[in-house]
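The values are calculated or read from the model by the stated rules, or taken from the named source; none is laboratory data. If you're wondering where the values come from, they're calculated on a predicted model, not measured in any experiment. Positions of Cβ are backbone-derived with ideal geometry, glycine not excepted, and every protein chain shown enters the neighbour counts. Remember, those area values only see protein heavy atoms, side chains included, never the ligands or the DNA or RNA. Shrake-Rupley method; radii C 1.70, N 1.55, O 1.52, S 1.80 Å.
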Amino acid sequence: LGMFDQLSSALTEVAQNFGGKQRMTENSIQPALKSVRRALLDADVNLEVATALLDGVKRRSLGMEVTKGVTAEQQFVKAMYDELLDMMGGDADSGGAMGGNPSLQSPTATLAYKEGSDPAVILLAGLQGAGKTTAAGKLALYLKEREVDSTALDLMSEEERSQTLASRMPKRNRKVLLAAADVYRPAAIEQLQILGKSIDVEVFSMGTDEDPANIAKAAVEKAKNEGFDTVIVDTAGRQVVDEDLMEELRRVKKSVSPDETLLVVDAMTGQAAASLTASFDSAVGISGAILTKLDGDSRGGAAVSIRGVSGKPIKFVGVGEKTAELEPFFPDRMASRILG
Ligand code: GDP
(Lines give C-alpha, C1' and ligand atoms only; values in the text may rest on other atoms or scores of the structure.)
Protein backbone atom coordinates (compact mmCIF):
# COMPACT_ATOMS: atom_id res chain seq x y z
CA LEU A 1 0.00 0.00 0.00
CA GLY A 2 2.90 2.35 0.61
CA MET A 3 1.29 4.50 3.30
CA PHE A 4 3.91 3.49 5.81
CA ASP A 5 6.64 1.89 3.74
CA GLN A 6 9.31 3.45 5.90
CA LEU A 7 7.70 2.06 9.01
CA SER A 8 7.98 -1.50 7.75
CA SER A 9 11.66 -1.04 7.01
CA ALA A 10 12.16 0.63 10.38
CA LEU A 11 10.62 -2.39 12.03
CA THR A 12 12.88 -4.74 10.10
CA GLU A 13 15.82 -2.77 11.41
CA VAL A 14 14.49 -3.38 14.90
CA ALA A 15 15.25 -7.10 14.65
CA GLN A 16 18.96 -6.48 14.33
CA ASN A 17 19.10 -4.28 17.38
CA PHE A 18 17.48 -6.80 19.65
CA GLY A 19 19.83 -9.58 18.53
CA GLY A 20 18.00 -12.43 20.22
CA LYS A 21 17.85 -10.83 23.68
CA GLN A 22 15.22 -12.07 26.09
CA ARG A 23 14.19 -8.69 27.36
CA MET A 24 13.95 -5.31 25.70
CA THR A 25 15.97 -2.65 27.45
CA GLU A 26 16.05 1.13 27.26
CA ASN A 27 19.21 0.79 25.17
CA SER A 28 18.01 -1.91 22.84
CA ILE A 29 14.77 -0.15 21.92
CA GLN A 30 16.25 3.35 21.46
CA PRO A 31 17.33 2.89 17.82
CA ALA A 32 14.01 1.26 16.98
CA LEU A 33 12.05 4.11 18.53
CA LYS A 34 14.14 6.58 16.59
CA SER A 35 13.47 4.95 13.23
CA VAL A 36 9.80 4.53 13.99
CA ARG A 37 9.58 8.17 14.95
CA ARG A 38 11.13 9.21 11.65
CA ALA A 39 8.73 6.94 9.74
CA LEU A 40 5.70 8.35 11.56
CA LEU A 41 6.70 11.95 10.90
CA ASP A 42 7.41 11.11 7.26
CA ALA A 43 3.91 9.70 7.01
CA ASP A 44 2.71 13.13 8.19
CA VAL A 45 1.55 11.98 11.61
CA ASN A 46 1.03 14.91 13.97
CA LEU A 47 4.08 15.50 16.20
CA GLU A 48 2.27 15.22 19.55
CA VAL A 49 0.48 12.09 18.39
CA ALA A 50 3.77 10.53 17.27
CA THR A 51 5.38 11.40 20.60
CA ALA A 52 2.49 9.95 22.59
CA LEU A 53 2.56 6.82 20.46
CA LEU A 54 6.27 6.30 21.03
CA ASP A 55 5.98 6.91 24.76
CA GLY A 56 3.32 4.23 24.84
CA VAL A 57 5.37 1.79 22.78
CA LYS A 58 8.34 2.36 25.06
CA ARG A 59 6.28 1.86 28.20
CA ARG A 60 4.76 -1.34 26.89
CA SER A 61 8.03 -2.72 25.50
CA LEU A 62 10.04 -2.19 28.68
CA GLY A 63 7.39 -3.84 30.76
CA MET A 64 7.38 -6.98 28.64
CA GLU A 65 9.19 -10.24 29.25
CA VAL A 66 9.90 -11.87 25.94
CA THR A 67 7.85 -15.04 25.93
CA LYS A 68 9.30 -18.29 24.66
CA GLY A 69 9.04 -18.62 20.90
CA VAL A 70 8.31 -14.94 20.41
CA THR A 71 11.13 -12.67 19.34
CA ALA A 72 11.76 -9.26 20.85
CA GLU A 73 11.00 -7.82 17.44
CA GLN A 74 7.57 -9.43 17.41
CA GLN A 75 6.92 -8.09 20.90
CA PHE A 76 7.93 -4.62 19.82
CA VAL A 77 5.60 -4.78 16.81
CA LYS A 78 2.82 -5.97 19.11
CA ALA A 79 3.41 -2.97 21.39
CA MET A 80 3.28 -0.72 18.33
CA TYR A 81 0.05 -2.35 17.16
CA ASP A 82 -1.61 -1.95 20.56
CA GLU A 83 -0.64 1.70 20.76
CA LEU A 84 -1.89 2.43 17.25
CA LEU A 85 -5.14 0.72 18.12
CA ASP A 86 -5.62 2.83 21.25
CA MET A 87 -4.69 5.98 19.36
CA MET A 88 -7.31 5.31 16.68
CA GLY A 89 -10.06 4.38 19.10
CA GLY A 90 -9.83 0.61 19.14
CA ASP A 91 -11.16 0.76 22.68
CA ALA A 92 -14.42 2.38 21.52
CA ASP A 93 -17.56 0.41 22.29
CA SER A 94 -19.00 -1.61 19.48
CA GLY A 95 -22.36 0.07 19.25
CA GLY A 96 -24.81 -2.80 19.59
CA ALA A 97 -28.24 -1.20 19.54
CA MET A 98 -26.76 1.92 18.02
CA GLY A 99 -26.28 0.14 14.76
CA GLY A 100 -23.13 -1.90 15.16
CA ASN A 101 -23.31 -5.45 13.93
CA PRO A 102 -22.34 -7.63 16.87
CA SER A 103 -21.55 -10.60 14.64
CA LEU A 104 -18.75 -8.66 12.99
CA GLN A 105 -15.68 -7.23 14.63
CA SER A 106 -16.38 -3.86 16.17
CA PRO A 107 -15.96 -0.81 13.98
CA THR A 108 -16.14 2.75 15.26
CA ALA A 109 -19.00 3.19 12.79
CA THR A 110 -22.06 3.28 14.93
CA LEU A 111 -24.80 5.49 13.61
CA ALA A 112 -27.87 6.44 15.57
CA TYR A 113 -31.04 4.67 14.60
CA LYS A 114 -34.26 5.67 16.29
CA GLU A 115 -37.28 3.51 16.88
CA GLY A 116 -40.54 5.39 16.55
CA SER A 117 -41.59 8.32 14.45
CA ASP A 118 -38.57 10.58 14.58
CA PRO A 119 -35.99 9.95 11.87
CA ALA A 120 -32.30 9.80 12.72
CA VAL A 121 -30.59 12.90 11.33
CA ILE A 122 -27.01 12.84 10.04
CA LEU A 123 -25.43 16.18 9.21
CA LEU A 124 -22.44 16.22 6.88
CA ALA A 125 -19.96 19.08 6.89
CA GLY A 126 -16.62 19.66 5.23
CA LEU A 127 -14.48 21.82 3.01
CA GLN A 128 -15.09 21.96 -0.71
CA GLY A 129 -13.54 19.09 -2.58
CA ALA A 130 -13.18 16.85 0.48
CA GLY A 131 -15.73 14.46 -0.97
CA LYS A 132 -18.73 15.52 1.09
CA THR A 133 -21.41 15.14 -1.57
CA THR A 134 -19.96 11.82 -2.66
CA ALA A 135 -19.93 10.73 0.99
CA ALA A 136 -23.60 11.69 1.36
CA GLY A 137 -24.47 9.33 -1.50
CA LYS A 138 -22.18 6.61 -0.18
CA LEU A 139 -23.63 6.80 3.30
CA ALA A 140 -27.18 6.73 1.93
CA LEU A 141 -26.38 3.57 -0.02
CA TYR A 142 -24.62 2.01 2.96
CA LEU A 143 -27.60 2.61 5.26
CA LYS A 144 -30.12 1.57 2.64
CA GLU A 145 -28.65 -1.82 1.96
CA ARG A 146 -29.84 -4.81 3.89
CA GLU A 147 -27.92 -5.96 6.93
CA VAL A 148 -25.96 -9.18 6.58
CA ASP A 149 -27.45 -11.44 9.23
CA SER A 150 -25.90 -14.54 10.67
CA THR A 151 -28.36 -16.82 8.87
CA ALA A 152 -27.25 -15.33 5.58
CA LEU A 153 -23.63 -15.85 6.57
CA ASP A 154 -24.36 -19.49 7.44
CA LEU A 155 -25.77 -20.10 3.99
CA MET A 156 -22.74 -18.69 2.22
CA SER A 157 -19.90 -20.68 0.81
CA GLU A 158 -16.61 -20.44 2.67
CA GLU A 159 -15.31 -18.00 0.09
CA GLU A 160 -18.40 -15.79 0.00
CA ARG A 161 -18.45 -15.66 3.77
CA SER A 162 -14.83 -14.63 4.07
CA GLN A 163 -15.35 -12.00 1.39
CA THR A 164 -18.39 -10.63 3.15
CA LEU A 165 -16.61 -10.55 6.48
CA ALA A 166 -13.53 -9.01 4.89
CA SER A 167 -15.56 -6.24 3.33
CA ARG A 168 -17.28 -5.91 6.71
CA MET A 169 -20.19 -3.97 5.35
CA PRO A 170 -23.04 -4.54 7.77
CA LYS A 171 -26.10 -3.35 5.92
CA ARG A 172 -29.09 -1.67 7.36
CA ASN A 173 -32.17 -1.68 5.20
CA ARG A 174 -33.05 1.88 6.11
CA LYS A 175 -35.33 4.27 4.25
CA VAL A 176 -33.08 7.24 3.63
CA LEU A 177 -33.83 10.79 2.51
CA LEU A 178 -31.01 12.96 1.23
CA ALA A 179 -31.38 16.70 1.80
CA ALA A 180 -29.58 19.22 -0.41
CA ALA A 181 -28.71 22.13 1.86
CA ASP A 182 -25.70 23.43 -0.09
CA VAL A 183 -27.38 26.51 -1.53
CA TYR A 184 -24.27 28.25 -2.81
CA ARG A 185 -23.50 25.96 -5.69
CA PRO A 186 -26.47 24.97 -7.88
CA ALA A 187 -24.17 22.27 -9.26
CA ALA A 188 -23.94 20.71 -5.80
CA ILE A 189 -27.72 20.18 -5.69
CA GLU A 190 -27.69 18.70 -9.15
CA GLN A 191 -24.77 16.45 -8.25
CA LEU A 192 -26.69 15.14 -5.25
CA GLN A 193 -29.80 14.56 -7.39
CA ILE A 194 -27.83 12.54 -9.92
CA LEU A 195 -26.22 10.54 -7.11
CA GLY A 196 -29.60 9.97 -5.48
CA LYS A 197 -31.06 8.69 -8.72
CA SER A 198 -28.17 6.28 -9.25
CA ILE A 199 -28.73 4.63 -5.87
CA ASP A 200 -32.51 5.03 -5.87
CA VAL A 201 -32.62 7.37 -2.89
CA GLU A 202 -34.94 10.38 -2.87
CA VAL A 203 -33.31 13.80 -2.74
CA PHE A 204 -35.10 16.69 -1.08
CA SER A 205 -34.28 20.14 -2.39
CA MET A 206 -35.76 23.63 -2.16
CA GLY A 207 -33.45 25.23 -4.68
CA THR A 208 -30.86 27.85 -3.82
CA ASP A 209 -33.04 30.65 -2.49
CA GLU A 210 -33.97 29.03 0.80
CA ASP A 211 -32.12 29.20 4.09
CA PRO A 212 -30.16 25.95 4.70
CA ALA A 213 -31.54 25.67 8.24
CA ASN A 214 -35.09 25.78 6.84
CA ILE A 215 -34.25 23.22 4.16
CA ALA A 216 -32.90 20.83 6.77
CA LYS A 217 -35.96 21.35 8.94
CA ALA A 218 -38.36 20.84 6.05
CA ALA A 219 -36.49 17.66 5.05
CA VAL A 220 -36.90 16.22 8.54
CA GLU A 221 -40.58 17.18 8.51
CA LYS A 222 -41.04 15.42 5.16
CA ALA A 223 -39.20 12.37 6.49
CA LYS A 224 -41.53 12.20 9.48
CA ASN A 225 -44.63 12.47 7.33
CA GLU A 226 -43.52 10.00 4.71
CA GLY A 227 -41.93 7.31 6.83
CA PHE A 228 -38.24 7.89 6.13
CA ASP A 229 -36.19 6.72 9.11
CA THR A 230 -32.94 8.52 8.29
CA VAL A 231 -32.16 11.94 6.86
CA ILE A 232 -28.69 12.79 5.57
CA VAL A 233 -28.17 16.53 5.23
CA ASP A 234 -25.51 17.71 2.77
CA THR A 235 -24.40 21.18 3.84
CA ALA A 236 -22.30 23.78 2.04
CA GLY A 237 -18.55 23.48 1.82
CA ARG A 238 -16.11 26.36 1.52
CA GLN A 239 -12.55 26.70 0.34
CA VAL A 240 -11.41 27.64 3.82
CA VAL A 241 -12.75 27.49 7.35
CA ASP A 242 -14.52 30.78 7.90
CA GLU A 243 -16.84 32.13 10.57
CA ASP A 244 -19.78 32.33 8.10
CA LEU A 245 -19.54 28.63 7.40
CA MET A 246 -19.35 27.77 11.09
CA GLU A 247 -22.26 30.06 11.91
CA GLU A 248 -24.38 28.49 9.20
CA LEU A 249 -23.55 25.00 10.44
CA ARG A 250 -24.45 25.96 13.99
CA ARG A 251 -27.81 27.24 12.75
CA VAL A 252 -28.51 24.12 10.69
CA LYS A 253 -27.50 22.01 13.64
CA LYS A 254 -29.79 23.94 15.96
CA SER A 255 -32.72 23.61 13.58
CA VAL A 256 -32.65 19.81 13.38
CA SER A 257 -30.66 18.58 16.44
CA PRO A 258 -28.78 15.93 14.45
CA ASP A 259 -27.92 12.56 15.98
CA GLU A 260 -24.62 12.64 14.17
CA THR A 261 -22.59 15.53 12.83
CA LEU A 262 -19.84 14.10 10.68
CA LEU A 263 -16.96 16.04 9.22
CA VAL A 264 -15.82 14.81 5.82
CA VAL A 265 -12.04 15.17 5.54
CA ASP A 266 -9.57 14.34 2.80
CA ALA A 267 -6.83 11.85 3.72
CA MET A 268 -4.52 13.47 1.19
CA THR A 269 -4.26 16.50 3.49
CA GLY A 270 -2.46 14.40 6.10
CA GLN A 271 -2.26 15.80 9.61
CA ALA A 272 -4.07 18.97 8.44
CA ALA A 273 -7.19 16.77 8.40
CA ALA A 274 -6.68 16.26 12.12
CA SER A 275 -6.43 19.95 12.99
CA LEU A 276 -9.42 20.65 10.75
CA THR A 277 -11.42 18.07 12.68
CA ALA A 278 -10.41 19.75 15.93
CA SER A 279 -11.43 23.22 14.73
CA PHE A 280 -14.80 22.06 13.40
CA ASP A 281 -15.40 20.31 16.67
CA SER A 282 -14.69 23.35 18.78
CA ALA A 283 -16.70 25.66 16.51
CA VAL A 284 -19.70 23.45 15.74
CA GLY A 285 -19.45 20.26 17.77
CA ILE A 286 -19.11 17.07 15.73
CA SER A 287 -19.51 13.41 16.56
CA GLY A 288 -16.90 12.00 14.20
CA ALA A 289 -15.20 12.09 10.84
CA ILE A 290 -15.46 10.41 7.46
CA LEU A 291 -11.97 10.08 6.03
CA THR A 292 -12.07 10.12 2.22
CA LYS A 293 -9.60 9.22 -0.52
CA LEU A 294 -7.81 6.61 1.52
CA ASP A 295 -7.34 4.79 -1.77
CA GLY A 296 -5.09 7.58 -3.00
CA ASP A 297 -1.39 7.89 -2.25
CA SER A 298 -1.91 9.65 1.06
CA ARG A 299 0.81 9.08 3.62
CA GLY A 300 -1.52 7.88 6.35
CA GLY A 301 -0.94 10.72 8.81
CA ALA A 302 -4.63 11.63 8.85
CA ALA A 303 -5.83 8.17 9.85
CA VAL A 304 -3.38 8.00 12.74
CA SER A 305 -3.73 11.61 13.92
CA ILE A 306 -7.43 12.51 13.77
CA ARG A 307 -8.56 10.99 17.03
CA GLY A 308 -5.43 11.90 18.95
CA VAL A 309 -5.66 15.55 17.93
CA SER A 310 -9.42 16.08 17.99
CA GLY A 311 -10.68 13.40 20.34
CA LYS A 312 -13.20 12.42 17.64
CA PRO A 313 -13.36 8.98 16.03
CA ILE A 314 -13.14 8.27 12.32
CA LYS A 315 -16.42 6.49 11.61
CA PHE A 316 -16.13 5.69 7.91
CA VAL A 317 -13.48 5.75 5.22
CA GLY A 318 -13.90 6.46 1.53
CA VAL A 319 -11.82 4.14 -0.61
CA GLY A 320 -12.78 5.16 -4.13
CA GLU A 321 -15.01 7.35 -6.24
CA LYS A 322 -17.86 4.85 -6.59
CA THR A 323 -20.88 5.00 -4.27
CA ALA A 324 -20.20 1.52 -2.93
CA GLU A 325 -16.67 2.50 -1.94
CA LEU A 326 -17.34 3.41 1.66
CA GLU A 327 -16.30 1.24 4.58
CA PRO A 328 -16.81 1.42 8.31
CA PHE A 329 -13.55 2.34 9.98
CA PHE A 330 -11.91 -0.50 11.83
CA PRO A 331 -8.98 0.64 13.98
CA ASP A 332 -7.64 -2.93 14.14
CA ARG A 333 -7.67 -3.29 10.40
CA MET A 334 -5.99 0.07 9.94
CA ALA A 335 -3.33 -0.74 12.53
CA SER A 336 -2.50 -4.00 10.72
CA ARG A 337 -2.39 -2.19 7.42
CA ILE A 338 -0.03 0.45 8.78
CA LEU A 339 2.34 -2.17 10.17
CA GLY A 340 2.34 -3.91 6.79
P1 GDP B 1 -17.39 18.04 -2.08
O2 GDP B 1 -17.01 19.34 -2.72
O3 GDP B 1 -16.79 17.93 -0.73
O4 GDP B 1 -18.84 17.77 -2.10
O5 GDP B 1 -16.63 16.92 -2.93
P6 GDP B 1 -17.17 15.87 -4.00
O7 GDP B 1 -18.07 14.88 -3.34
O8 GDP B 1 -17.70 16.59 -5.18
O9 GDP B 1 -15.80 15.11 -4.35
C10 GDP B 1 -14.67 15.78 -4.89
C11 GDP B 1 -13.87 14.77 -5.73
O12 GDP B 1 -13.31 13.77 -4.91
C13 GDP B 1 -14.72 14.04 -6.77
O14 GDP B 1 -13.97 13.94 -7.95
C15 GDP B 1 -14.94 12.67 -6.13
O16 GDP B 1 -15.13 11.65 -7.11
C17 GDP B 1 -13.65 12.48 -5.38
N18 GDP B 1 -13.78 11.56 -4.25
C19 GDP B 1 -14.63 11.63 -3.20
N20 GDP B 1 -14.42 10.62 -2.32
C21 GDP B 1 -13.39 9.88 -2.82
C22 GDP B 1 -12.68 8.71 -2.37
O23 GDP B 1 -12.94 8.12 -1.30
N24 GDP B 1 -11.67 8.28 -3.17
C25 GDP B 1 -11.34 8.90 -4.35
N26 GDP B 1 -10.33 8.41 -5.06
N27 GDP B 1 -11.97 10.00 -4.78
C28 GDP B 1 -12.99 10.49 -4.04
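Amide H to amide H, with H built 1.01 Å from N, Q128 comes under 5 Å of R238, Q239, counting only residues 5 or more places away or on other chains. Per-residue 3J(HN,Hα) values for segment 253-269, derived from phi via the Karplus relation 6.51 cos²θ - 1.76 cosθ + 1.60 with θ = phi - 60°, read 4, 5, 6, 10, 6, x, 7, 9, 10, 10, 8, 8, 10, 8, 4, 5, 7 Hz in sequence order (x marks Gly and Pro).
The residues neighbouring D281, those whose beta-carbon lies less than 14 Å from its own, together hold a net charge of +4 under the Lys/Arg +1, Asp/Glu -1 convention. Working note: Karplus 6.51/-1.76/1.60 with θ = phi - 60° gives segment 240-250 the couplings 9, 6, 10, 4, 4, 4, 5, 5, 4, 4, 4 Hz, where Gly and Pro are set to x. Modelled spin labels at E159 and S282, positioned 7 Å past Cα toward Cβ, are 5.3 nm from each other.
Here the accessible area of segment 223-285 is 48 percent carbon and sulfur, with a 1.4 angstrom probe and all protein chains present. Distance between the 7 Å Cα→Cβ label points at D244 and Q74: 6.0 nm.
The 3J(HN,Hα) values that the Karplus relation (6.51, -1.76, 1.60; θ = phi - 60°) gives for segment 208-215 are, in residue order, 9, 9, 9, 5, x, 5, 5, 4 Hz. Gly and Pro appear as x. Which of the three applies to segment 189-232, rounded, prolate or oblate, going by the alpha-carbon gyration tensor with a ≥ b ≥ c and a/c under 1.5 meaning rounded? Oblate, since a/c reaches 1.5 and b/c is not below a/b. Charge tally around G131: other residues with Cβ under 10 Å, Lys/Arg +1 each, Asp/Glu -1 each, net +1.
What are the residues whose amide H is under 5 Å from the amide H of D266, where those residues sit 5 or more places off or on another chain and H is modelled from the backbone? Amide H neighbours of D266, under 5 Å, 5+ apart: T292.
Count the net charge of all other residues whose Cβ sits under 12 Å from the Cβ of E26, scoring Lys and Arg as +1 and Asp and Glu as -1. With Lys, Arg at +1 and Asp, Glu at -1, the net is +3. In segment 291-338, the alpha-carbon atoms span a convex hull of 72 Å³ per residue.
Extension gain, Q128 to L62, is 19.2 nm, computed as 0.36 nm per intervening residue step minus the present C-alpha separation. Near the amide H of L177, within less than 5 Å, lie the amide hydrogens of T230, V231, I232, all on another chain or at least 5 residues away, with H placed in the peptide plane. Using a probe of 1.4 angstrom and keeping all protein chains present, the accessible surface of segment 177-325 works out to 41 square angstrom per residue. Length available on full extension from K224 to R23: 0.36 nm per residue minus the Cα-Cα distance, which gives 66.1 nm. May I ask you to derive the FRET efficiency for Q193 and D332 from their Cβ-Cβ distance with R0 = 45 Å, giving the value to the nearest 0.05? In this case the efficiency is close to 0.75.
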